[in-house]
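Visitor: The structure that follows is given in the form of structure tokens.
The values are calculated or read from the model by the stated rules, or taken from the named source; none is laboratory data. Predicted model only: the values in this text are computed from it and were never measured. Because the Cβ atoms are built from the backbone with ideal geometry, glycine has one as well, and the counts that use them run over all protein chains shown.
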Amino acid sequence: MIMLATSGIPATGYIIAVLAIMFVVTFTLRALPFAILAKLRESTFVNVMALWMPAGILGLLAIALFYSTYSSPESELWKLLVAVVVTVASHLLLGRRTLASIGLGTLTYVVLVNFVS
Amino acid sequence: MNNRSWVAPQSRRHEILTGLKLGIGPGLGLFPLGIALGLLALQSGLPAWAVPALSIFGYAGSLEFLMIDMMTAGTGLLTIAVTTFFVNFRHVFYAFSFPLHVVKNPIAKFYSMHALIDEAYAVTAANPTGWTAARLLSLQISMHCYWVAGGLVGIAIATAIPGTIAGLDFALLALFITLTLDAVRTREQLPSLLIATAAFLAALLITPNQIIFAGMIIFMALLTIRYFTARRKGGLYDHAGN
């Protein structure tokens with residue numbers, strides 16, 4: 001389990017707070033640019049950041065998720081690495097079909113965790 | 001007036017159908033991913049109502065998967081806000097070409113901005129002309145429906161399965177691996193990935209309990225330094241690609 005080995009069911013108020021934050025932050029990011037379109041379009045800083053950010057932010061999340069899965073007491077590094085390699089190989093070799101890559105990687109991990117000791 | 005009342009419903013119907021047709025392609029991707037979201041949410045211990053609530057109000061694909069994980073871990077609200085901001089920052093640029101101007105009704109406009117997901121932007125970018133309010137809204141509403149419906153089917157499947165399947169949450173890691181691979185298609189994207197790795201290691205050393213929060217702040221700081229260094233060397237023009 002990723003990061004949830006010791007936690008229980010989240011409280012209703014907490015879930016609502018998370019939803020409210022997601023809504024407000026995401027809506028602001030989507031709506032605000034329509035109001036200040038011209039300024040954003042001219043800003044080299046914003047343009048370059050938008051070009052550089054996705055690979056890094058997504059990569060950072062992938063590494064952090066890998067680390068938190070690896071840190072949980074029941075995980076075994078080799079099983080995790082095999083599933084990661086299957087995911088990467090499927091994605092690069094089978095034409096970047098996201099659902100197929102996730103499906104094959106997850107299936108590999110589920111089989112290794114449940115049926116291989 | 002007479003003419004309009006006769007023609008308008010016809011063309012409006014055509015516009016709605018066109019929007020629905022354009023939504024089928026993305027819907028084929030959204031629906032199964034929605035199933036995975038519902039399944040994973042219930043397996044992780046979230047209450048069933050949180051899935052449609054997440055998909056309606058927190059409508060943001062990959063971020064929703066991440067939030068399932070962060071919510072079940074009881075992550076702090078500031079980290080939730082910062083993560084949402086950085087993960088969804090890319091949306092800032094969708095306004096440049098998204099045909100929001102065709103929507104006049106304020107409520108519809110509000111909805112259209114809320115439902116401006118990657119897939120909605122991609123469809124309008126691939127079909128730059130001919131947008132009307134009816135076409136755009138039927139596209140966005142239908143995509144939103146595929147996503148929410150997928151989540152509900154996922155809940156149904158999760159309820160039917162007894163117990164939990166160990167290892168199923170690997171799907172979240174797999175999702176972010178594929179998203180990273182898609183973001184790093186050219187060699188120009190490699191420095192960002194290396195900087196992110198450095199930021200992760202720094203966060204791991206400095207604040208092991210706040211890795212994502214600290215990691216993102218450190219990453220943005222390093223990226224800003226990279227920006228000003230590149231600008232001083234005059235190498236920005238190539239990178240910006242314009």
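Visitor: Having 3 or more residues that are buried (at least 22 other Cβ atoms within 10 Å of the Cβ) is the bar; report the helices (runs of 4 or more DSSP H) wholly within segment B:36-118 that clear it.
Guide: Correct list: B:50-57, B:62-72, B:77-87.
Visitor: Can you report the number of residues in segment A:7-34 which are more than 7 Å from chain B (Cβ to nearest Cβ) and closer than 14 Å to B:HIS91 by Cβ?
Guide: Count: 3.
Visitor: Residues in segment B:158-174: is at least one within 27 Å of A:VAL48 (Cβ to Cβ), at the interface with chain A (Cβ under 9 Å from one of its Cβ atoms) and assigned to a helix (DSSP H, G or I)? Step through it out loud before you land on a result.
Guide: So the first thing to find is which residues in segment B:158-174 are within 27 Å of A:VAL48 (Cβ to Cβ), and the list is none.
No - not one qualifying residue is present in segment B:158-174.
Visitor: Anything in segment B:128-157 that is part of a loop (DSSP other than H, G, I, E, B), touching a helix residue (DSSP H, G or I) at 6+ places or on another chain (Cβ under 7 Å) and among the polar types (S, T, N, Q)? List them, or say none.
Guide: B:THR132
Visitor: Which members of segment A:93-106 meet the condition of being surrounded by 14 or more Cβ atoms within 10 Å (Cβ to Cβ) and either at pLDDT below 95 or of a type in the set (Val, Ile, Thr) (or both)?
Guide: The answer is A:ARG96, A:ARG97, A:THR98, A:LEU99, A:ALA100, A:SER101, A:ILE102, A:GLY103, A:THR106.
Visitor: For segment B:47-91, give me the residue count where each residue is among the charged types (D, E, K, R) and at the interface with chain A (Cβ under 7 Å from one of its Cβ atoms).
Guide: 2
Visitor: Within segment B:64-89, work out how many residues are without any contact (Cβ under 8 Å) to a residue 40 or more places away in the chain and closer than 14 Å to A:THR28 by Cβ.
Guide: Count: 6.
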